Amino acid sequence: MAAKSNTFVLAVILFLFQAIPARAQINVAGTWSSNDGSMGTLTVSQSGDIVRMEYSHSNGRIVGHLRGNVFEGHWIQDLSGRRCSNTHDGSNYWGRMTFTFQGNSYSGMWGYCEDAPGTAFQGSRTGGGVRPSPAGTRQVRTTPVSQGQMIIDNWNTGGCSFTDNAVMNLTRPTYVESVQLWYNWSSGETSLPYTLSAGGRVLRQGDFHRGSCDPYQTAWCEATDSIGMAFPPGSYTFRTARGHVCQNSGSQNMGFIHVRGRSARGDEITVSPGATPQVVPTPPPSSNVDVNGLWKFQNQTMIFYQEGSTIRVVCTYRSGGRIVVWYGEGSIRGNHVRYHLHHTRNTAPDFENGIHEFDVSADGNAMSGTWGTDATPVRGNWTLERVGP
């Protein structure tokens, strides 16, 4: 009797499973775009539940599985805003990603490395289906890869503060083909003047150019230049005209730098050995602009103290019924003022620390520039007016 009962129960379970319809597998092959245009054209190929997507930014690709209308996988790039400790598809720049497809549109979430996807994006289909590639076919990358081996790479996954320099330490004769810094570009900014120096001697002046950008934090992009010089062992400093190069404790508080090249022969050396003692950072030049005194923006009153090229600022203002106090410290170069600010814990424990940059007007009575936080260095524009000595 027990055996017959068990057989009956098993038959009922099998019947119920057969009665549940399998989730339909949709076809997402074709071309898609993101609403903010950050990825350009997303070309999608599909074989069963295996989906691969490719986009032009930084040799971008997305790989994973589609179950019903939900895709789960990883994005991979040659460069991005964070460097992961392990690799995916040969790169340290990747993260988790999900898509939910609804007809000819989708919504998605992405994150860095193993972080849970938390940044939202959307997009829509722009072109018809592409013939699915055979299962197991290896996709061939067509985006050119920078020539030369990676010699220096101090990029990491930590958050950024700003500096105006990056150091290239070479332990053997090296032919440097190209250099990339990780830089926060202002709107409309496409080139960045720099000097390359060693031992207090300027070896080269040039311009970095805006390269590949993070697809979602589009102000963060490469600052890249072809060098084409051979150097003896030594320490060399790239100093940029604006202090927006990423640095953090993981990079030993030095600017993020990628150096590509190869070992150099002795007859290739184009820099004299006398130019390569350890670099002593050059202090900012003194400024003949005087910003000492009281300055005001709306309800914020600031006291600027200037000693040579050093700037210190104290500010008080009223916000939501409380008095807020912050203080800042930075420098002035020519007419350009830049400082970090910190809110006092007892007046504003929930306020973010920030960054202010200004250019002083010719008459010395106004400062126009940008304000932001450590996480988002440029969030808006403003102008201060001098109101007292």
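Here are the numbers for this structure:
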{"quantity": "Cβ crowding within 10 Å averaged over residues, with 376-383, 70-77, 312-319 ranked highest first", "calculated": "70-77, 312-319, 376-383"}
{"quantity": "Residue-span extension gain [ALA362 to ARG204] - 0.36 nm each, minus C-alpha spacing", "calculated": "53.8 nm"}
{"quantity": "Within region 46-65, backbone nitrogen closer than 19 Å to the virtual label 7 Å beyond the Cα of ILE26 toward Cβ", "calculated": "46-54, 62-65"}
{"quantity": "Potential extension, GLU329-GLU385 segment - 0.36 nm per residue separation minus Cα distance", "calculated": "18.2 nm"}
{"quantity": "Dimensions in Å of region 149-275 - Rg and Dmax from alpha carbons", "calculated": "14.2, 45"}
{"quantity": "Order of ILE152, ILE257 under a 10 Å beta carbon neighbour criterion, fewest first", "calculated": "ILE152, ILE257"}
{"quantity": "Rounded FRET efficiency, nearest 0.05, which uses the C-beta distance separating ILE50 from ASN104 and R0 of 35 Å", "calculated": "0.95"}
{"quantity": "Neighbour-count order for TYR175, TYR93, TYR305, fewest beta carbons within 10 angstrom listed first", "calculated": "TYR305, TYR175, TYR93"}
{"quantity": "Estimated inter-spin distance, THR344 and SER309, nm [label 7 Å along Cα→Cβ]", "calculated": "3.1"}
{"quantity": "Length released on extending from ARG262 to ARG172, taking residue separation times 0.36 nm less the Cα-Cα span", "calculated": "31.4 nm"}
{"quantity": "Distance in nm between pseudo-label sites at THR301 and ALA116 (7 Å out along the Cβ direction from Cα)", "calculated": "4.7"}
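Readers should treat all values here as calculations from the given coordinates under stated rules, not as data from a laboratory. This is a predicted model, so every value here is computed, not measured. Cβ atoms come from the backbone with ideal geometry, glycine included; neighbour counts cover every protein chain shown.
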